[in-house]
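Below is one structure; the comments refer to it alone.
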Amino acid sequence: MWRFVAFIAVVLALGAAPATAQNRFFVVNHSGQQIDEIYVSSSRLQEWGPDILGASVLPAGNQLWVTPSFTDCVLDVRVVYQGGRTDDRMAVNACSISRLSFGSGGGGVAQAPGAGAGAVIGGGPSRAPAVLGNPSFVFINGSGVVIREIYASMDARGGWGVDRLGANTLGPGGQIDIPLPPGMGCHTDLRVVFMNGAASVRRGLETCTINALNWR
């Protein structure tokens, strides 16, 4: 009899266990290019971790169901296209979306649950509508080295504009507000110059759906 009671207690305990975070979502490739690598990391970490595609690729128009091995909701996602170009989505709340699109077709918009999740790697979903919002964000130096210049532009082809740091520098872990004009679009080009003169550029970052960008 006591064994039966113990068994019931175990079943009830398991049933009462809290549900894990629902940070599962589709990465959708609307870029028109093949994606060779995908990295998903908690925003609180400095390292990207392994390429979740492994030996596979994500062709244009296809999608991949992402199931992180951790329960954090706020994630950073990086894709590497064929040829080496990278595209980042930083501080994404993966617990409130079902899809995260890369490329001009999807506009980088994260769709809310209920937008309709499709099948694992297969036909591409309908394109997400463009979102006009406030592209301003907080820039966080997650590179581990000192940054001496930061440039942000809605379209750097017309010029980078002023250095957002001015006479200051930004040490590892430091942060600075990057104000951008609302209603002008959501894609931002960034250029960072480190103390040794090395520069890094990322174009087309979708900043309307994030509050902070962790530069690594």
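On a C-alpha basis, how far is the centre of segment 37-106 from the centre of segment 137-190 in Å? Whole number, if you could? When both Cα centres are located, 22 Å separates them. Applying the Karplus relation 6.51 cos²θ - 1.76 cosθ + 1.60 with θ = phi - 60° to segment 37-53 yields 3J(HN,Hα) values of 9, 9, 10, 10, 9, 5, 5, 7, 9, 8, 9, 7, x, x, 6, 6, 7 Hz, where x marks Gly and Pro.
Find out how many positive minus negative residues lie around residue 214, taking Lys and Arg as positive, Asp and Glu as negative, among other residues whose Cβ is under 14 Å from that of residue 214.
Details: positive: 44, 78, 89, 202, 216; negative: 47, 72, 76, 88.
In short, +1.
Taking a label point 7 Å from the Cα of residue 163 along the Cα→Cβ vector, which residues of segment 178-216 have an amide N closer than 11 Å to it? So the set is 193-195, 197.
Since every read-out is calculated from the coordinates, none of them should be taken as a lab result. What you see is a predicted model, and the numbers here were worked out from it, not measured in a lab. Using ideal geometry, Cβ is built from the backbone for each residue, glycine included, and neighbour counts are taken over all protein chains shown.
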